[in-house]
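Structure first, then comments.
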Amino acid sequence: MLRFSPSVTGVLAAGVIALTGSIGGVAATAAPSTQVSVATQVPAGVEGQQRSDVVHQLSPEAELFQSTTRSTEWDLVEKVSLDFETFHPQGMALVGDRIYPSSVEIIEPTVPYDEPVDGMDRSAGVGQGHVFVLTRDGELIKDIEVGEGDVYHPGGIDFDGEQVWVPVAEYRPNSASIAYTIDPETLQITEQFRHDDHVGGVVRDQQTGKINGVSWGSRDFFTWNHHGKLKDQSLNPSHFIDYQDCDYSGHRTQLCYGVTNVNNDAGQSFELGGIALTDLRTDEILHEVPVPMVSTAGHTITRNPATLEADGEVLRLFAAPDDGEETAGTELFVYEARP
C-alpha cells in the first residue's frame, strides 16, 4: 500500500488537505490555458497578514493542474477495493489522512411522470444519504447518515479547512436541498441552510466566506452568503460536461470534476470526463482538460467522486466512479501525473 503525504493548502490546519474537483475539456477544441497565480509580499513578522495572503494564492493542486494538457500521462499507482456497502458514490473530500466520500443509497428508485406533478417530472423515490469516513487504505471508520424525508441525495462535497460541506437534495431537478457541515474532529453534523432547488455540489469560498453551488446537471450556479441567503444565480456558460464534484482551490477559484454522455450518429453512447479550473467570480473557465481513464466497470474516472492532491511536483488524482453493485464494486483509483 502506497503512503501519500497530504499537501497543506490555503488556510488549512496543519496536516489537513483541501480537495479539488474537476471538469473536462473539449478534445477537439480545448480552451487555452490561463495561468493564474497571485503572490503577495508580506512584511516579516506579520503572522496574521501571512495567513490572509495564503487565501489569495492558488492551491498547489490548481497550480500543477494548469500545466496539464490532453497529452498528460496519468499513471495508475493504486487501486483499493472498498469492502463495505458503498451504494452510488457522489462526492469526495480529503481531510488529512482521511477520505470523505458521499453516497446515495437508493431504496426505491424515482419513477418518471407522464405529465409534471406539482412541477416535478418524477416521483421522489426513497433513499438514504451517507457520508463515509475512510482511512487512505479504504478502511471504513464511520458511516454518517445525512438528509431527511425526500431529501436523501448527497452531492459533491468540499473541505474548507475546518468543516466538510455536504449538500443533500431530492433525487430530481427543481426540488429542494439542505446544506450540512460535518466537523472532522467530532463528526458532528450541523444543518447550515435550505434551498428550494436541487443542489448537486457546494464549495465554500475561503476568501469571502460565501458558499457556491451547482444545480441538477450543473446548469445553474448559485451563490449564498455565510447565512445561507441566496445572493446570485447564473447560467453555467459551459455546455461541455456536467460538474459532479468541486473543491475550493484558492484565490476564489474551484476545481471541478465532470462527465457527459455523448451519443453518436449510430445511437451509441459513451461517457466523456474531464477536469476544469473555474473562476468563482466570473464563472470563466481558466483551464480544462479531458480525462481519458476508465474504471473497471467502464465509467470515465471523473464520473462522480474525485479530487486532486499535490505532492511536490506530483499531481495525484483520487476517484471512485463505480457503484457498489457493479462489476468489481466500488474501487478507489489513485493516479499520478507530473505535468
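With unit charges on the beta carbons (Lys and Arg positive, Asp and Glu negative) and the dipole taken about the Cα centre of the stretch 241-337, which residue among V262, G298, L280 sits farthest to the positive side? The residue sitting farthest along the positive end of the dipole is L280. Taking all protein chains as they are arranged and a probe of 1.4 Å, the heavy atoms of M120 leave approximately 30 Å² accessible to solvent. Evaluating kT/(6 pi eta Rh) at 10 °C and 1.306 mPa s, with the Kirkwood radius of the stretch 83-205 over Cα pairs in the Stokes-Einstein relation, gives 108 µm² s⁻¹.
Under a cut-off of 20 Å between alpha-carbon atoms, report the lysines in cross-link reach of K231, not counting same-chain residues fewer than 8 places apart. Output for K231: K210. Rg and Dmax, both from the Cα atoms of the stretch 218-339 and both in Å, are 15.8, 49. Shown in residue order for the stretch 69-84 are the 3J(HN,Hα) couplings computed by the Karplus curve 6.51 cos²θ - 1.76 cosθ + 1.60 at θ = phi - 60°: 9, 5, 8, 4, 8, 10, 9, 6, 10, 7, 9, 10, 6, 8, 8, 7 Hz (x for Gly and Pro). Of the trypsin sites (Lys or Arg not before Pro) found in the stretch 147-250, those in coil by DSSP whose Cβ has at most 13 other Cβ atoms within 10 Å are K229. Placing +1 on each Lys and Arg Cβ and -1 on each Asp and Glu Cβ, with no other charges, gives the stretch 166-214 a dipole about its Cα centre of roughly 120 debye.
The values are calculated or read from the model by the stated rules, or taken from the named source; none is laboratory data. Here the structure is a predicted model, which is why all the values come from computation and not from measurement. Counting neighbours? That spans all protein chains shown, and the Cβs are built from the backbone with ideal geometry, glycine included. Accessible surface areas use protein heavy atoms only, side chains included; no ligands, DNA or RNA. Shrake-Rupley method; radii C 1.70, N 1.55, O 1.52, S 1.80 Å.
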